[in-house]
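The values are calculated or read from the model by the stated rules, or taken from the named source; none is laboratory data. Only a predicted model underlies this, so the values are computations on that prediction, with no experimental measurement involved. Because the Cβ atoms are built from the backbone with ideal geometry, glycine has one as well, and the counts that use them run over all protein chains shown.
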Amino acid sequence: MSAIRRIDGELWMEGVRLAEVAARFGTPCYVYSRAAIETAWRAFDDALAGTDHLVCYAVKANSNLAVLGLLARLGSGFDIVSGGELARVLAAGGRADRIIFSGVGKSEEEMRAALSAGIRCFNVESEPELERLDAVARAMGVRAPVSLRVNPDVDARTHPYISTGLKGNKFGIAHDRALAAYELAARLPNLRVTGIDCHIGSQILDMAPLEEALERVLELAAAVVARGIPIAHVDVGGGLGIRYREEETALDIGRWCAAVAARLAGSGYSLVLEPGRAIVGNAGALLSRVEYLKLDKDKRFAILDASMSELIRPALYDAWHEIVPLAALDRPEALYDVVGPVCESSDVLGTDRLLAIAPGDGIAILSAGAYGMVMSSNYNSRPRPAEVMVDGARAVQVRERETTGSLFAGESTLD
C-alpha cells in the first residue's frame, strides 16, 4: 500500500505509471518497488543499530532473484526452507555465512548442499533431524552448526493455517522436550550448538504473543547454558504483520526491535530475526484487467484475467487484499465479487468490493509482494505472469512470462 500512490486519478509506483507497466508487460503481472523493499529492510537494521544482530530475510515470502540481489547488497542475511531457496540466494549474490536453514523436512541432499556452501546455521526442528544431520556431517568430515527451533506453545492470534507455535503445529521441538534435545545435540560429535530459535506464526499484529514467546525462549536458553551448553545467538523468528487494509494497524517495527534489543542487552547473545512479509508485502502489487462484468446473477461479478493461480491467499486463508482500478474514472460505483477465470468456486479475489469499472479496465490488487508469485501455480494450464521491478523512473522485467509451450516442455506422450 505504501509503495503506491494516486496522482491525477492514476496509480503510480515510484516514478512509473502502473497503467504503462500493464500495457508494456501484459496482465496478469507482478510489480515491485525497489525503494519500498530497501526502506523496509533498513527499518529493521536501523532500529537495531548498536545491537549485535543479523536481519535474515525469509526467502519464502518472495524469492525472485532481483529481490534477493537487492537485499544481498544491503548486507542482509537469509532464512531459507529448501535447497532450491539456498541455490537462489547464492545465485543472487547472498553470502552463505549469512544463511539460516529452517524447515521441518530437510533431506540429506539439502543438508549436504548447505554444509558444502558453508551456511551460518541449521534451525533444527526434531531429534531425528539432529541425528540425520550429524550422520551427514560425519560422512563429509565437518561439524554442522545448529540452533534448535523450540515450539513455545504460544498463540500468535493469527489465522490457524499460519500459526506455528502451538503444541498442535508440526513445527519445532516441544518446549518440555527442548532441554533433552539440546543435551542430545551436545553429545552428537559432528554437531556444534550455536543458538536457539522460535517462530510462532505469520501476519502477527500484536506484540504480546511475541513478547511472551521471547520470555519463554530466554528462560530456556538460560537453562541450556546452565547445563554447560553454549548459546551464541537468539533467533526470534519473523511473522511480523503488515497493513492490508485501512482499518488495520501494522505492528510497529521500531518499537518491537527496540523492545527486543532492550531485553537482550547485557545477555551476551547476538540477535537473529527473520522478517519476510514485512519487507516485501506492501512493496508489490498484482496488475490485472477486467475481462467481463457478469450482472445476471444474484450478485455482480467482476471477472479478471488474474486468479487464485496468481494469488491464492484469499482462497487459502480468506485473506483480504485491497482491489482498486489503475485509473479512477467518472463511472457509477457498484458492489462486485471480484473473481478469476479458474474453474473453481473458490477462485475469489475479493467479495463485495465497491468499484467503478468496465470491461477492459486495469486493476491493481495491492499488498501482493509477499506470497504471490512464490505460491502461484499452473492450474488450468495457465502460464505464470511476468515479474517487474520498478526502480525510480524505470520498470525492468525481472522474470519473463511463462509460455504455454514451456508448461509441457518436459513432458512426453507414449509411443
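I'd like to know if the range 60-77 contains one or more residues that are crowded, with 23+ Cβ neighbours inside 10 Å and among the charged types (D, E, K, R). Checked the range 60-77: no residue is crowded, with 23+ Cβ neighbours inside 10 Å and among the charged types (D, E, K, R). Given the criteria in contact with a helix residue (DSSP H, G or I) (Cβ under 7 Å, 6 or more places away or on another chain) and assigned by TED's automatic domain parsing to the domain that holds Ile242, does Ala113 qualify? It is true that Ala113 is in contact with a helix residue (DSSP H, G or I) (Cβ under 7 Å, 6 or more places away or on another chain) and assigned by TED's automatic domain parsing to the domain that holds Ile242. Name every residue in the range 26-47 that is surrounded by fewer than 20 Cβ atoms within 10 Å (Cβ to Cβ) and either in contact with a strand residue (DSSP E or B) (Cβ under 6 Å, 6 or more places away or on another chain) or not in a helix (DSSP H, G or I) (or both), in order of residue number. Across the range 26-47, the qualifying residues are Gly26, Asp45. Of all residues in the range 156-209, exactly one satisfies the criterion of being at pLDDT 95 or above and among the aromatic types (Phe, Trp, Tyr), namely Tyr182.
Go through the residues of the range 385-394 one by one and say whether even a single one is surrounded by 15 or more Cβ atoms within 10 Å (Cβ to Cβ), more than 17 Å from Glu14 (Cα to Cα) and assigned by TED's automatic domain parsing to the domain that holds Ala306. There is at least one residue in the range 385-394 that is surrounded by 15 or more Cβ atoms within 10 Å (Cβ to Cβ), more than 17 Å from Glu14 (Cα to Cα) and assigned by TED's automatic domain parsing to the domain that holds Ala306.
Okay, residues lined up against (1) farther than 23 Å from Leu311 by Cα; (2) aliphatic (A, V, I, L, M); (3) in contact (Cβ under 8 Å) with a residue 40 or more places away in the chain:
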| site | (1), (2), (3) |
| --- | --- |
| Ala3 | no, yes, yes |
| Leu11 | no, yes, yes |
| Gly15 | yes, no, yes |
| Gly26 | no, no, yes |
| Ile37 | no, yes, yes |
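Close Cβ contacts (under 6 Å, 6 or more residues apart or on different chains) running from residues in the range 303-324 that are at pLDDT 95 or above to residues that are among the acidic types (Asp, Glu) comprise Ile303/Glu291; Asp305/Glu291; Ser307/Asp347; Met308/Asp347. Close Cβ contacts (under 9 Å, 6 or more residues apart or on different chains) running from residues in the range 58-76 that are farther than 22 Å from Leu271 by Cβ and in contact (Cβ under 8 Å) with a residue 40 or more places away in the chain to residues that are of a type in the set (Lys, Arg) and outside any helix (DSSP H, G or I) comprise Asn64/Arg399; Leu65/Arg399; Ala66/Arg399. Could you list, in sequence order, all residues of the range 96-135 that are among the β-branched types (Val, Ile, Thr) and under 17 Å from Arg192 (Cβ atoms)? The answer is Ile99, Ile100, Ile119, Val124. One residue stands out in the range 188-213 among those that are more than 23 Å from Leu130 (Cβ to Cβ) and touching a Pro at 6+ places or on another chain (Cβ under 9 Å): the one that is surrounded by the fewest Cβ atoms within 10 Å (Cβ to Cβ), namely Glu212.
For the range 314-325, the count of residues that are hydrophobic (A, V, I, L, M, F, W, C) and buried (at least 24 other Cβ atoms within 10 Å of the Cβ) is zero. Within the range 277-308, the set of residues being surrounded by fewer than 24 Cβ atoms within 10 Å (Cβ to Cβ), touching a Lys or Arg at 6+ places or on another chain (Cβ under 9 Å) and within 27 Å of Met13 (Cβ to Cβ) comprises Leu293, Ile303, Asp305. Scanning the range 216-266 for residues that are among the basic types (Lys, Arg), exposed (fewer than 12 other Cβ atoms within 10 Å of the Cβ) and out of contact with any Asp or Glu (no Cβ under 7 Å at 6 or more places or on another chain) yields a total of 1.
The single condition from (1) in a loop (DSSP other than H, G, I, E, B); (2) over 20 Å from the mean Cα position of the chain (by Cα); (3) in contact (Cβ under 8 Å) with a residue 40 or more places away in the chain; (4) surrounded by 15 or more Cβ atoms within 10 Å (Cβ to Cβ) that Gln397 fails is (1). Determine whether Glu183 is of a type in the set (Asp, Glu), under 18 Å from Pro145 (Cβ atoms) and surrounded by fewer than 19 Cβ atoms within 10 Å (Cβ to Cβ). Considered against the rule, which asks whether it is of a type in the set (Asp, Glu), under 18 Å from Pro145 (Cβ atoms) and surrounded by fewer than 19 Cβ atoms within 10 Å (Cβ to Cβ), Glu183 comes out as yes.
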